[in-house]
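The values are calculated or read from the model by the stated rules, or taken from the named source; none is laboratory data. In this text, all values refer to a predicted model and were calculated from it rather than measured experimentally. Reconstructed Cβ throughout: ideal geometry from the backbone, glycine too, with neighbour counts over all protein chains shown.
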Amino acid sequence: MLFTVPLDKTVEKINIAISPSVSEFSAMHIISDQSIHFMGTFPEDTYPIVYTKNYSNNNKWHGHHCHSNIIKTRGDQTKIDDFTFNKTDLRFLLIDKKLFKTYLHDIFGDIDLEPIYSSMAYRLKDEDIDMFLNIHHRTMNNEKVSKEEISGLLSKIFEEPIMDQLPFFKGYDLIQRAISLMTNHLKDPLLIKELSRALDVSIRTLELTFKKHLNINPKLYYKRLLLLAIEAELRKTKEDTISKIINRYQIYDHSRFGARFKNYFEKTPSEILNLDIKNNPFGWNERIFEEFSEYQT
């Protein structure tokens, strides 16, 4: 499941579409005008190949600094952890891992594929980016793409893996550890001073690192994680009351919480609870990811 945390002041619409034909080869397109932190996982049997349109400052991928004409993957990992800034235009080609390995063997023969398969970034020429975009567009529109075309694209992508380690941006590890602690302590929230103590850094260092790389302070990021988690529970519950849900997060000033919730989502907790269509606050239906993963089972 893909989980998104907006880094701007308000929740804005994120356009997420997945190709209508769920098969061994699918596509996904994410467009937004806001800065976003993506987290989550793809299905275990899926190999994502991603092109990010090169907007200003939109060049960070799993803690690395990347430049234009880079195709990015997660190698043999399924975890997503990506920051996009100012504008987001992510185009995914999603390939079944067994099929993907078959393509690589057809292209490269019996050589050791592990260095290629586990690499996370590849350089592409302009004309090859155009090939990627063409195949992505046709897949999104449920138009036929031949195996020869897919094989041709993969041969272009994987002939130039970036074997030298991409540079990590300074502070990435601290941000990751902080977010991990926040996520693990949603129902027993930590004070920022407790968080910084657990990370063995000063509050000032933590605040400066978040501000520099995410343009948000850690306290506000933590609050957004809490709001998003509670909003998700409200949408998905069948029996719990609003009071039961927010009490589990140790929130006891219900009127103050309700005001903050409405200010952020432009809906009250009651309105979210009673929605007929259980779309998330960004406007897209999370069911599309469940549908995508169904063919994996």
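Summary of computed values
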quantity	calculated
Which listed residue is modelled with pLDDT of 90 or more, assigned to a loop (DSSP other than H, G, I, E, B), surrounded by 15 or more Cβ atoms within 10 Å (Cβ to Cβ) and not assigned by TED's automatic domain parsing to the domain that holds residue 26, from 190, 226, 206	190
Residue ID - modelled with the lowest pLDDT, chosen from residues in segment 209-223 that are in a loop (DSSP other than H, G, I, E, B) and touching a helix residue (DSSP H, G or I) at 6+ places or on another chain (Cβ under 7 Å)	216
Qualifying helices (runs of 4 or more DSSP H) (wholly inside segment 244-297; at least 3 residues being at pLDDT 70 or above and more than 24 Å from the chain's Cα centre (by Cα))	254-265, 269-273
Some residue of segment 54-68 being modelled with pLDDT of 65 or more and of a type in the set (Ser, Thr, Tyr)	no
Output for segment 120-140, where each listed residue is not in a strand (DSSP E or B) and not aliphatic (A, V, I, L, M)	125, 126, 127, 128, 130, 132, 134, 136, 137, 138, 139
